[in-house]
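In what follows, a structure is listed as structure tokens, so that the remarks can point back to it.
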């Protein structure tokens, strides 16, 4: 009897906790895989998604590998470990409770929306308010889809791609980020639920910025996302991931994979704005963002450019990389990482030069405030075959306050004498004279810092698509709010 | 599996070090630490680029020596102390007043981190012989003190331990000279501990030319107190595997630390420089400049780390590492690191890698300079600013000559 009661209590507790956690109410989770990670769960996920046999085998192979791996410890971050056996690895997309008007939305969230300058309609969409069928973004999305189809561009969810374009998926999946790449990539390979797939055919220049944002069928991407972008010969695409609006999510661990393949003369520009829940001011809660992103410049003259603005997540662990295999290929990495309160970021890039005359540029701007820690960790590797390779790296750190940390860990490995490699890094705080100058002209200190920080990040923000850049600027201000004491 | 294999090999390796008579005190603690420490492999971040399998598989015997050997004197006027086969001999020359030289039979206090570093523990437990040089308060030593390391046998372990202490307001110049007279397969594992009290000034000049068939692990631990000035110049020219671990703990305010290095490698030489400047106290200055030229199949590693601890405000720390590769088979791994926990600081680092500028070589040749001379000239110019920092003229001249002759080109 007592046992039964205790059981009920436990069940009740769990129910209360899971519902309450981040303020979104979800329907009772009926379609949920049992907790834990094992071959049966993988089979369950695969069966649920009606996947072909080869994909199941891919997953199982990944699981087998995963069981032999240990969680890496080398990153300059500290966090309580996650017990994977306590996670649900599959949940059917949960319909969010529709709200009837913006009045029901958390006012703090609305306040942030307004500061970012997001339109009312978008605000509704983002916060899950029921929207009209004729709403702008929906109709825009439909028009977009038509235009893309005309050009032969495939842009759909990963599951759809597995169904409709299995050859392409099978050919490229796991070629850039192999199944055994690292702990979290292997985990993702075993349990990924969905993601995006994009294929740009030969010689096509994608007429618009592709964004997950406009893909209506993907309201809830889940924690193990997988993105695959293939740019065929001579094509161009600019891809946007995430958005500036604060994203709240029930899942604590995010382990995504992004793979990009750029063929001869192709160019891919990948921009990210990451603003996941960073935890509260005392460092409680927040998302763990452990992402593996890598692009392969397969053909000659190809180019892959990563731009990222990282302001969210409690712990970030992310190194968008380029493998410059084709001759004359180009890799770029532009990053702004802001950490405040108790956030921790260990982020950077890897540029692996294999082809002749390859070129890479790294611009990284870290800003730490509060009690946060912000590290740049990057690798530039010039292989023996990479004649005339060229690299330029610049990593600057800005410290706001005396309780935060800024660190730089670059690895520079050169094996070819014709290579030219340059790396420089600086760490300092905002000059008092600069703030004084602003104060003198009637700009208060908080605004002055915003102004200076935006100027400091200009090199990176300039790389973002126009409207994204405007929002990102405002986002920087918001992220640093309250950091001036 | 490979781990147990290494563990077995470590046991075999250690066998030749264990001495029959019992050891005690700090050495005993170090011996215990050794039991738990793994032999470093490239899986350790600290040894990522340096393979030590040749050392692990080597067997090195102990060969005590007494007497003297002919060594090139860098500075004729200097006080010479020879360390042969890892055994210190009595000093040659007049010992100026204020210098106190004693031998170390037992380690009283270790500054090196023997709990965590394998080779520091190895030396602390089984050092062949130790010496302590103390400079009395307020004494300025005008002649330099030159310590010569050499050996006269093959396949031996050379594990000297040097403690240098400068009392307040003392100042001195030291030369550490690794000299080669034909022996092969020796394993040098040197530990130097330098203590600088208030307002002391110490310059250490290291010339590493101990033969291409010998291994050298050279650990230097420096502790700086208030207002002290420390400068180190390390010139690495010979060694099969050569590793410098230089750790500076800046514990007092208003200190200055200068770290300079030149490493020139050819053949299959492997040179590794690890430096760590730990700024614990505020208002300090540190500047680091390492330059290297690599030819043939040689490899060089530079890993410099600057740590600024919380509350160590007003730190100016600079770090620069520049490299030239002369061959497509040469490799340089450069890792300049900053770890900063205080905001009112100015810290920067830079690292570059390239080759000799073809246009500059062409310019010189068009003025009638032969290609070889042109290249030599440019290599000399490349390391010029590091050598220029050396205040001890005799050492500078000696080194300049060696730098010119290093590459056959």
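The values are calculated or read from the model by the stated rules, or taken from the named source; none is laboratory data. None of these values were measured; they are calculated from a predicted model. Reconstructed Cβ throughout: ideal geometry from the backbone, glycine too, with neighbour counts over all protein chains shown.
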Does residue B:337 satisfy being more than 25 Å from residue B:52 (Cβ to Cβ) and in contact with a strand residue (DSSP E or B) (Cβ under 7 Å, 6 or more places away or on another chain)? no
Looking at the stretch A:374-397, which of its residues are surrounded by 24 or more Cβ atoms within 10 Å (Cβ to Cβ) and either in a loop (DSSP other than H, G, I, E, B) or in contact with a helix residue (DSSP H, G or I) (Cβ under 9 Å, 6 or more places away or on another chain) (or both)? A:386, A:389
Can you spot a residue in the stretch B:366-378 that is within 14 Å of chain A (Cβ to nearest Cβ), at pLDDT 90 or above, over 28 Å from residue B:203 (Cβ atoms) and part of a loop (DSSP other than H, G, I, E, B)? no
On the basis of being more than 14 Å from residue B:189 (Cα to Cα), in the same structural domain as residue B:243 (by TED's automatic domain parsing), modelled with pLDDT of 95 or more and in contact with a strand residue (DSSP E or B) (Cβ under 7 Å, 6 or more places away or on another chain), does residue B:131 make the cut? yes
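Could you say whether any residue in the stretch B:339-354 is more than 30 Å from residue B:251 (Cβ to Cβ) and exposed (fewer than 14 other Cβ atoms within 10 Å of the Cβ)? Show your work before the answer.
Within the stretch B:339-354, the first condition is being more than 30 Å from residue B:251 (Cβ to Cβ), and the residues that meet it are B:352-354.
The next check asks that each one be exposed (fewer than 14 other Cβ atoms within 10 Å of the Cβ); those that pass are none.
There is no residue in the stretch B:339-354 that is more than 30 Å from residue B:251 (Cβ to Cβ) and exposed (fewer than 14 other Cβ atoms within 10 Å of the Cβ).
For residue B:329, are the conditions met, namely being out of contact with any helix residue (DSSP H, G or I) (no Cβ under 6 Å at 6 or more places or on another chain), more than 10 Å from chain A (Cβ to nearest Cβ), in contact (Cβ under 8 Å) with a residue 12 or more places away in the chain and in a loop (DSSP other than H, G, I, E, B)? Break it down into steps so the answer makes sense when it comes.
Numbers: out of contact with any helix residue (DSSP H, G or I) (no Cβ under 6 Å at 6 or more places or on another chain): yes; more than 10 Å from chain A (Cβ to nearest Cβ): no; in contact (Cβ under 8 Å) with a residue 12 or more places away in the chain: yes; in a loop (DSSP other than H, G, I, E, B): yes.
Taking the combined requirement at face value, the residue does not satisfy it.
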Could you tell me how many of the residues in the stretch A:398-415 are in a strand (DSSP E or B) and either at the interface with chain B (Cβ under 7 Å from one of its Cβ atoms) or at pLDDT below 90 (or both)? 12
Give, as residue ranges, the strands (runs of 3 or more DSSP E) completely inside the stretch B:206-323 that count at least 1 residues that are within 14 Å of chain A (Cβ to nearest Cβ). B:256-265, B:270-279, B:285-294, B:299-308
Report, ordered by the first and then the second residue, all pairs with beta carbons closer than 9 Å, sequence separation of six or more or different chains, a first member in the stretch A:416-431 that is facing chain B (nearest Cβ under 7 Å), and a second member that is modelled with pLDDT under 90 and part of a strand (DSSP E or B). A:429/A:400
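Among the listed residues B:177, B:181, B:223, B:148, identify the single one that is outside the structural domain of residue B:391 (by TED's automatic domain parsing), more than 15 Å from the chain's Cα centre (by Cα) and farther than 25 Å from residue B:306 by Cα.
Working: B:177 fails: more than 15 Å from the chain's Cα centre (by Cα); B:223 fails: farther than 25 Å from residue B:306 by Cα; B:148 fails: more than 15 Å from the chain's Cα centre (by Cα).
That would be B:181, the only listed residue that is outside the structural domain of residue B:391 (by TED's automatic domain parsing), more than 15 Å from the chain's Cα centre (by Cα) and farther than 25 Å from residue B:306 by Cα.
Tell me the helices (runs of 4 or more DSSP H) entirely within the stretch A:434-485 that contain at least 3 residues that are touching a helix residue (DSSP H, G or I) at 6+ places or on another chain (Cβ under 9 Å) and within 15 Å of residue A:399 (Cα to Cα).
Numbers: elements: A:445-456, A:458-461, A:466-479.
Those helices (runs of 4 or more DSSP H) span A:445-456.
Out of everything in the stretch B:338-357 that is within 7 Å of chain A (Cβ to nearest Cβ) and part of a loop (DSSP other than H, G, I, E, B), what residue ends up being nearest to residue A:386 (Cα to Cα)? Please lay out each step first, then the result.
Taking the stretch B:338-357 and keeping what is within 7 Å of chain A (Cβ to nearest Cβ), we get B:338-355.
Next, only the ones that are part of a loop (DSSP other than H, G, I, E, B) stay: B:341-345, B:355.
Details: B:341: 37, B:342: 39, B:343: 39, B:344: 41, B:345: 38, B:355: 14 Å.
Of everything passing the filter in the stretch B:338-357, B:355 is nearest to residue A:386 (Cα to Cα).
Among the candidates B:395, B:384, which residue alone is buried (at least 17 other Cβ atoms within 10 Å of the Cβ), more than 14 Å from every other protein chain (Cβ to nearest Cβ) and more than 30 Å from residue A:397 (Cα to Cα)?
Working: B:384 fails: buried (at least 17 other Cβ atoms within 10 Å of the Cβ).
Selected residue: B:395, the only one of B:395, B:384 that is buried (at least 17 other Cβ atoms within 10 Å of the Cβ), more than 14 Å from every other protein chain (Cβ to nearest Cβ) and more than 30 Å from residue A:397 (Cα to Cα).
Can you say whether residue B:235 is in contact (Cβ under 8 Å) with a residue 60 or more places away in the chain, over 17 Å from residue B:195 (Cβ atoms) and in contact with a helix residue (DSSP H, G or I) (Cβ under 8 Å, 6 or more places away or on another chain), as far as the supplied structure shows?
yes
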The lone condition residue B:5 fails out of (1) free of Cβ contacts under 8 Å to residues at least 24 places away in the same chain; (2) in contact with a strand residue (DSSP E or B) (Cβ under 8 Å, 6 or more places away or on another chain) is (2)
From the list B:98, B:86, B:93, exactly one residue is crowded, with 18+ Cβ neighbours inside 10 Å and modelled with pLDDT under 95. Which is it? B:86
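Against the definition (under 20 Å from residue B:214 (Cβ atoms), touching a helix residue (DSSP H, G or I) at 6+ places or on another chain (Cβ under 9 Å) and buried (at least 18 other Cβ atoms within 10 Å of the Cβ)), how does residue B:157 come out, yes or no? Explain how you work it out, then say what you get.
Values: under 20 Å from residue B:214 (Cβ atoms): yes; touching a helix residue (DSSP H, G or I) at 6+ places or on another chain (Cβ under 9 Å): yes; buried (at least 18 other Cβ atoms within 10 Å of the Cβ): yes.
Against the criterion (under 20 Å from residue B:214 (Cβ atoms), touching a helix residue (DSSP H, G or I) at 6+ places or on another chain (Cβ under 9 Å) and buried (at least 18 other Cβ atoms within 10 Å of the Cβ)), residue B:157 qualifies.
Could you grab me the full set of residues in the stretch B:31-81 that are at positive phi and in contact (Cβ under 8 Å) with a residue 24 or more places away in the chain? First the steps, then the outcome.
First, the residues of the stretch B:31-81 that are at positive phi: B:67.
Hits for the stretch B:31-81: nothing passes.
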